[in-house]
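Could you have a look at this structure, given as structure tokens, before my questions?
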Amino acid sequence: MPEYRFKTPLSEADVRQLRIGDSVLLDGIIFGVRDGNLIRVFDKKVAPPCDWKGAALLHTAPNVKKIGPGKYEPVCVGTTTSMRMDRFTEGLLRDYGVRAILGKGGLSQNSAALMQKYGAVYLSVTGGAAAMETLQIEEIEKVYWEDLMPECIWQFRFQGLGPLTVGVDSHGGNLQNDVQMQAQQKAAEILQKMGIA
């Protein structure tokens, strides 16, 4: 599969090159988001205090160590399951110009259609790779909405985050959905051979 390396912020042209299964490394600013801050943005209608145009957003609530006022160093920055934040996809793409969402477990077919429409991708982070992910952080540059700790908005600067796998591309491809369909088909075949189906 092709391998790509991009520096954030991302353009539509960057993400339109990608297809499911491609490998990606990211350099630059990546924002950590999670339920708490996305609920504030979309349900409570509070605009994010940072610019997400062309941004890559990582689903995380990191374990950090405070080293000064508003200053933190990473202890363990893992990735959380994306599906429970699926409902925020359209607003992130349409209203804020986000180009990549990073997480684990994939997003829905509806989100895949939205990524095709707006020109964005879902990049899958390997589960259990928090130690490697943490080492790829150069600095936690800023933290917004500290009252939501640890579900603040985190501004990380990464060098070579990844490798990430394109799980949903901007052409309608959805790797997680394809794998699930293949698994269901295989299970049906096995059950049929066993005389159960």
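Could you check, for region 22-29, whether at least one of its residues is under 20 Å from E90 (Cβ atoms), touching a residue at least 60 places away in the same chain (Cβ under 8 Å) and buried (at least 17 other Cβ atoms within 10 Å of the Cβ)?
No, because not a single residue in region 22-29 is under 20 Å from E90 (Cβ atoms), touching a residue at least 60 places away in the same chain (Cβ under 8 Å) and buried (at least 17 other Cβ atoms within 10 Å of the Cβ).
Could you figure out which of (1) on the phi < 0 side of the Ramachandran plot; (2) modelled with pLDDT under 95 isn't true of G106?
(1)
All but one of (1) more than 23 Å from D147 (Cα to Cα); (2) in a helix (DSSP H, G or I) hold for L107; state the number of the condition that does not hold.
Of (1) more than 23 Å from D147 (Cα to Cα); (2) in a helix (DSSP H, G or I), only one is false for L107: (2).
A further question on this structure: Which one is nearest to K53 (Cα to Cα), of the residues in region 7-22 that are among the acidic types (D, E) and assigned to a helix (DSSP H, G or I)?
E12
Tally up the residues in region 145-156 that are surrounded by fewer than 16 Cβ atoms within 10 Å (Cβ to Cβ) and under 17 Å from E73 (Cα atoms), please.
Qualifying residue count, region 145-156: 2.
Follow-up. Condition first: touching a helix residue (DSSP H, G or I) at 6+ places or on another chain (Cβ under 7 Å), in a strand (DSSP E or B), at pLDDT 75 or above and hydrophobic (A, V, I, L, M, F, W, C). Can you find one or more residues in region 168-187 that meet it?
Yes: one or more hits.
Could you say whether any residue in region 124-134 is at pLDDT 95 or above and within 23 Å of R84 (Cβ to Cβ)? Lay out the reasoning, then the answer.
Kept after step one, since they are at pLDDT 95 or above, are these residues of region 124-134: none.
Checking region 124-134: not a single residue is at pLDDT 95 or above and within 23 Å of R84 (Cβ to Cβ).
Now for a different question. Which residues, counting only those in region 28-87, are of a type in the set (V, I, T) and either at pLDDT 95 or above or outside any strand (DSSP E or B) (or both)?
I29, I30, V33, I39, V41, V46, T60, V77, T79, T80
The values are calculated or read from the model by the stated rules, or taken from the named source; none is laboratory data. Keep in mind that this is a model prediction, so the values were computed, not measured. Cβ: placed from backbone, ideal geometry, glycine included. Neighbour counts: every protein chain shown.
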